[in-house]
């Protein structure tokens, strides 16, 4: 299932004035894998995603995509290469209906290049393609849901909309920032198969999560961050058995709970 | 004691709901609901020159149209792209001076100077505004505020481009009817064109840049590029206005950079209803004639508009067109809670 | 040598003009486009007290500065507070207020040499064989005093520290019990007083004309952008850079190129280093 490393980060460091948000963090993801990134609040997970995807300029370090250097590229160029991300604080276009939200990513150069949603190679009418994508992602096609204003959609649908926005770009890798947070149990239950299906389609995923139980069901490897430093990395079982991780979470009940289920 | 509570409810009118999509062809009544306002607007504007009492007022129509172009560009930039342009005078000046130079130094006739000045002027304006496009909105406001003021002073100080006297002897339109109808046609063209544009896919991208530029970046598009395109479109309208203006007044000078051109489009948009594009044009039809009537008061006019503008903003008034559209499409009633 | 002296005088003048704008933007994030208008307002009020009411010069100055501060606070309280947070409306409202005031004065007839303010001290002195007006020396001295006072005030008094806190992080300041609305009014009042102060110091060197209002606005904005919008020390440093650049231009090219310098300074800053010298607006490059 997994190939060579598709995304590598080497010694990523980010300082905000006097505060070191990231301290020489290195990781890599193999193609087709799912890498989970966990850690207590404030450990720098979102900052890491921002640095890797170009939204924040890192103080030092390198990022490589399929061996090519992408360190100082602007965020839209990085997205154009197929490295997409979701936002922890959701950012749909609130004043537009759900399916119109997808018109914008479908307008991008990458979508025009990769196209092929209908009739192979040529992008159909963007509105229809938008509805198609939404159906793939779990919006019921024949209901009024895809036509509702994004401002009136519940969180579960908004998270899916974020993923839909990434999918419209036919990505090679999606960096998800807390897709499971804020969802009810039933919403999560329907998200996990979606994630698994994305992996089966060949998309690599990097997932920042707090909900460890669901993450460990899908992730191949997990990396733990604490205070901006990489604590450890390995399979979910290895990471959970690691004493350092337990200490970092201060023996939180969640760890205990996962241990009893894993 | 049982107190009854009521709240106000706003619902779309029945006829509005019935006119969605192809259902509008159901009957004459539905068709007219949609088309009558637009037809009234177009016919009204086309008939205007014919009913004006004197040549003076016919000239006023042309001037209104120039301001309308500027107001359209302001409304588009501010409410559809998120850039506040405080210097409409910059576009007028660039288009104006270019047309004047092309006419006096190169001898080109008006039907060549106007298109060339429009396009070249738009390129120049976009170029000047390029440095502030990747930055936050307040920088665009600052830069557009500064350019007309500074360029005016530079022209005066270095005595280039005619200095304080300006460039005289610009050819005028051969025929006053041509002048007015050209201006009116341009305004109608750009009004309906822009309304179409903002609902097309490109228009959605512009609105996305205004609402949420991080998401646009994450979708693989350069916001600097799209802002530049929007500024180019807006400058086209402004430079067109400027080029026509010098042919109307047969002169181009520093007053082209004057404050009237900066404040009236803003006031017209706010009064007419921001975000509707039609409101901006309507606002001009209201404000500019008043401005002409108050000409004897000198710059007190500007004080007058500025204060009205502040009043509208502070009282968060929605503007004439927004109010009108709301009344047209929706009705209100009290509902028991 | 004369470049050094005139450069310093010019720089301090620019710093005085810019500090008011920097203060207001730094604290309430509202660009006060009425800054130039307040400058002229103070000059006019001083003149009225001096010639209209025949008050003592010092009294006129103090009263005028105070009243200018009050006017600024009123503008904020009644206009800008209502549109706080709506970026488009804030910008339009402050711009419109500035225009209303300045054009109002223009209509009232501020032209020519009829309106002047006397210099503080007549005569001149020699610094290293170069004649310099006493008044200009005073400008430098008072300017330096104002900057030091500002530094001390914002570092050692409760209100000053509250202002700095708000400038850094408004939400945190709110949580600590600092009333951000009131602080913003205070900031606006201070900014207006600074504008008035610069008017009092600089207008005696020329006439009171409406154009001065626009010039001050342009220069203040230029200095603040180069120094970094919101950074007070940055504004001072930028004032020196632009001040000396202007004097050098005057010496080597010609007096009328001064405005070009201001414009080019803004363009270069925006292209090369948008957050300015000490910009706290690092978010420009690093927003999430």
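Summary table below
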item: Matching residues, the stretch C:124-136, being in contact with a helix residue (DSSP H, G or I) (Cβ under 8 Å, 6 or more places away or on another chain) and part of a helix (DSSP H, G or I); result: C:135, C:136
item: Number of the condition not met by residue B:115 [criteria: (1) more than 22 Å from the chain's Cα centre (by Cα); (2) surrounded by fewer than 20 Cβ atoms within 10 Å (Cβ to Cβ); (3) part of a helix (DSSP H, G or I)]; result: (1)
item: Every residue from the stretch A:195-222 that is in a loop (DSSP other than H, G, I, E, B) and closer than 16 Å to residue A:178 by Cβ; result: A:209, A:210, A:211, A:219
item: Hey, residue A:158 in contact (Cβ under 8 Å) with a residue 40 or more places away in the chain, within 14 Å of another protein chain (Cβ to nearest Cβ) and either more than 25 Å from residue A:29 (Cα to Cα) or not in a helix (DSSP H, G or I) (or both) or not; result: yes
item: Flag if residue B:92 is in a helix (DSSP H, G or I) and under 17 Å from residue B:185 (Cα atoms); result: no
item: Sole exception among (1) modelled with pLDDT of 85 or more; (2) on the phi > 0 side of the Ramachandran plot for residue A:44, by number; result: (1)
item: Residue that is more than 30 Å from residue A:73 (Cα to Cα), away from chain C (no Cβ under 14 Å) and in contact with a strand residue (DSSP E or B) (Cβ under 7 Å, 6 or more places away or on another chain), where the choices are B:172, B:252; result: B:252
item: Matching residues, the stretch C:11-30, being assigned to a helix (DSSP H, G or I) and surrounded by fewer than 22 Cβ atoms within 10 Å (Cβ to Cβ); result: none
item: Elements of type helices (runs of 4 or more DSSP H) contained in the stretch A:1-118, each with 1 or more residues being more than 19 Å from the chain's Cα centre (by Cα) and more than 9 Å from chain B (Cβ to nearest Cβ); result: A:98-101, A:109-114
item: Criterion: touching a residue at least 40 places away in the same chain (Cβ under 8 Å), at positive phi and within 17 Å of the chain's Cα centre (by Cα) - qualifying residue of B:238, B:275; result: B:275
item: Residue under evaluation residue A:192, criteria (1) in a helix (DSSP H, G or I); (2) within 12 Å of the chain's Cα centre (by Cα), criterion not met; result: (2)
item: Evaluation of residue B:293 against (1) within 22 Å of residue B:45 (Cβ to Cβ); (2) touching a residue at least 60 places away in the same chain (Cβ under 8 Å); (3) over 17 Å from the mean Cα position of the chain (by Cα) (one fails), failing number; result: (2)
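The values are calculated or read from the model by the stated rules, or taken from the named source; none is laboratory data. On a predicted model such as this, the values are computed, not experimentally measured, just so you know. Here Cβ is always computed from backbone atoms with ideal geometry, including for glycine, and neighbour counts include all displayed protein chains.
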